[in-house]
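Engineer: Here you go, one structure.
The values are calculated or read from the model by the stated rules, or taken from the named source; none is laboratory data. All figures in this text were calculated on a predicted structure; none of them were measured in a lab. Glycine gets a Cβ as well: all are built from the backbone with ideal geometry, and neighbour counts include every protein chain shown. Keep in mind that these areas ignore ligands, DNA and RNA; they rest on the heavy atoms of the full protein, side chains included. Shrake-Rupley method; radii C 1.70, N 1.55, O 1.52, S 1.80 Å.
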Amino acid sequence: MKIAFLGPHASFTQLATAQLFPDDEIVPQASILDCFNAVENGEVIKAVVPLENSIEGTVSMTLDYLYKTPSIKIEAEAVMPIAHHLMIHPENSIENIERIYSHPQALAQSFHFLDTHYKEIPKQDFSSTAAAAKFVSENPETPIAAVANQFAANLYGLNIVNRNIQDFEQNHTRFIIISKEQNKYQNDKLETLGEKSGMLITLPEDHPGGLHQVLSVFAWRKMNLSKIESRTLKTGLGNYFFFINVEGPWEEVLHENALKELESIHANVDFLGNYKEFLLES
């Protein structure tokens, strides 16, 4: 079975994917959009993409593509501790570094360390932490550095000059498994953190109390919402859709009736699935 992931090799998403699918063929993709397209076009059965970081918040691109590709559902979530390291090519010295590359979230998660110790060195966004490490390894004549993980340093032969530069110890990233099937991913070898349902909700029109109407559907049923986030529809100011997580296992009557009530108030609901959340190793 082919599984896509946000690459290249040695990205944090690959580390997550390798734990979730240790016996399957995993295929790197250049972007989150490519991961969605690979699933949508049938090139792979599933894909693993980042959804949220405990420091920087939700990966907005993932939410946008979940909304734009309603055929794609969520099979599981997985949480992994994240450790960032600053690395250089062995032919270079940290004193001569002229630029630091990494994924924008990794740079943001290490902002205070980099600002304190390398304030004058420009920081530049890259498509992923692993791609930044690969770029450094392929350009030894250029005095540059990358923020990436230990696996990337090992794979690309880089020297780590500063370890664990993330600004907060409790740095975790949540990944999701996406597919075109509403299956429930199971893995008895991983610790289960909980169970939840995911849905995208669009209000029928912008009117006073519209969001309150939606939230009250869950409130009076005492359904706990662990996440609610708005994203612009990109159709004009004030137009949003909402990503909502409802905690707990699927209860046929309770959940079905909630979805029916949402439809009765003319809210558009894309149910992404009921799925488990797993804990991965760093």
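Engineer: Among residues belonging to the stretch 12-49 that are under 16 Å from residue 177 (Cβ atoms) and among the small types (Gly, Ala, Ser), point out the one that is surrounded by the fewest Cβ atoms within 10 Å (Cβ to Cβ).
Structural biologist: 18
Engineer: Kindly indicate the residue of the stretch 55-74 that is touching a Leu at 6+ places or on another chain (Cβ under 9 Å) and part of a loop (DSSP other than H, G, I, E, B) and also most open to solvent (accessible area, probe 1.4 Å) among those meeting that condition.
Structural biologist: In this case the residue turns out to be 70.
Engineer: Write out, first by first residue and then by second, each pair whose Cβ atoms fall under 7 Å of each other, whose residues are 6+ apart or on separate chains, and whose first residue, in the stretch 153-177, is modelled with pLDDT of 90 or more while the second is of a type in the set (S, T, N, Q) and part of a strand (DSSP E or B).
Structural biologist: So the pair list comes out as 173/53.
Engineer: Then there's this: Under 20 Å from residue 126 (Cα atoms), buried (at least 24 other Cβ atoms within 10 Å of the Cβ), at pLDDT 95 or above and among the small types (Gly, Ala, Ser): does that describe residue 4?
Structural biologist: Working: under 20 Å from residue 126 (Cα atoms): yes; buried (at least 24 other Cβ atoms within 10 Å of the Cβ): yes; at pLDDT 95 or above: yes; among the small types (Gly, Ala, Ser): yes.
For residue 4, the condition - under 20 Å from residue 126 (Cα atoms), buried (at least 24 other Cβ atoms within 10 Å of the Cβ), at pLDDT 95 or above and among the small types (Gly, Ala, Ser) - is met.
Engineer: Here are the criteria: (1) surrounded by 11 or more Cβ atoms within 10 Å (Cβ to Cβ); (2) more than 17 Å from the chain's Cα centre (by Cα); (3) at pLDDT 90 or above. Tell me which single one residue 250 does not satisfy.
Structural biologist: (3)
Engineer: Related question: Return the residue satisfying two criteria in turn: it lies in the stretch 1-24 and is small (Gly, Ala, Ser) and assigned to a helix (DSSP H, G or I), and of such residues it is nearest to residue 279 (Cα to Cα).
Structural biologist: Among those that are small (Gly, Ala, Ser) and assigned to a helix (DSSP H, G or I), it is 16.
Engineer: Give me the pairs: first residue in the stretch 203-226 and touching a residue at least 24 places away in the same chain (Cβ under 8 Å), second residue charged (D, E, K, R), beta-carbon distance under 7 Å, and six or more apart or on different chains, which are they?
Structural biologist: Pairs that qualify, where the first residue is touching a residue at least 24 places away in the same chain (Cβ under 8 Å) and the partner is charged (D, E, K, R), are 217/261; 224/247; 226/196; 226/247.
Engineer: Another question, if that's okay. Suppose we filter 52, 77 for residues that are over 30 Å from residue 118 (Cα atoms), among the acidic types (Asp, Glu), crowded, with 16+ Cβ neighbours inside 10 Å and touching a residue at least 12 places away in the same chain (Cβ under 8 Å); which single one remains? It would help to see each step written out before you state the result.
Structural biologist: Numbers: 52 fails: over 30 Å from residue 118 (Cα atoms).
Just a single option satisfies the conditions, and that option is 77.
Engineer: Name the one entry in 281, 261 that is part of a helix (DSSP H, G or I), open to solvent by 40 Å² or more (accessible area, probe 1.4 Å) and touching a residue at least 40 places away in the same chain (Cβ under 8 Å). First the steps, then the outcome.
Structural biologist: Values: 281 fails: part of a helix (DSSP H, G or I).
The conditions single out 261.
Engineer: Considering only residues that are among the aromatic types (Phe, Trp, Tyr) and surrounded by 12 or more Cβ atoms within 10 Å (Cβ to Cβ), which ones fall in the stretch 215-247? Spell out the reasoning first.
Structural biologist: Going through the stretch 215-247, the residues among the aromatic types (Phe, Trp, Tyr) turn out to be 218, 220, 240-243.
Result: 218, 240, 241, 242, 243.
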